[in-house]
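Laboratory data are not the source of any read-out in this text; all were calculated from the coordinates shown. Values in this document were obtained by computation on a predicted structure and should not be read as measured data. Positions of Cβ are backbone-derived with ideal geometry, glycine not excepted, and every protein chain shown enters the neighbour counts.
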Amino acid sequence: MYIDKDDFEEWMKRIMEQFDNLNSKLNSVIRFDQQIEKDVLLDNQDLLTILKISQRTLQRMRNSGKLPFRTINKKNYYLKSDVEKYIMEHFGKGMPPKGNEETDNKNE
C-alpha cells in the first residue's frame, strides 16, 4: 500500500485535531475536579439506587432545582454532600443525627 505525502499529511492533521479535541475535554474534567474540592461524584444510576426512585422522578428533582447537579460530557453528576443534604431535608425528619450512637443505644 502506497500513501503519498499529501495523504499522509492530511491523515496526520486529522489525528492531531482529534488529540486536541480529547485534550480540551480532559482539561475541562480536570478543572471541574478541582472545583468540587474532593467531594465524591455520583451519577444518575447511583442516585436511583440510593433514593430508590425512578428516572422520571430524578429528572423532576433536577428540573425543579431541588437537587443541584453538574453536567460533564453530557452526563449528569451530583455531589455526595448535596445528596446527603437533600436526604436529610426531605427524608430525615425524625431520624437521629448521623453517628449518634448514644441516641441509638437508648432506643434499644
- Task: Rounded to the nearest Å, what's the spacing between the alpha carbon centres of region 39-87 and region 1-23? Just the number, please.
- Result: 40 Å
- Item | Under the Karplus curve 6.51 cos²θ - 1.76 cosθ + 1.60, θ = phi - 60°, whole-Hz ³J(HN,Hα) for region 81-90, x wherever Gly or Pro sits | 5, 5, 5, 4, 4, 4, 4, 5, 6, 9
- Please give the contour-minus-distance gain from residue 60 to residue 73: 0.36 nm per residue of separation, less the Cα-Cα distance, rounded to one decimal in nm. 2.6 nm
- Query: Once you list every other residue whose beta carbon is under 13 Å from the beta carbon of residue 78, what net charge do they have if Lys and Arg are +1 and Asp and Glu are -1?
  - Reply: +1
- Proxy reagent accessibility, fewest Cβ within 10 Å first, across 70, 56, 62: 56, 70, 62
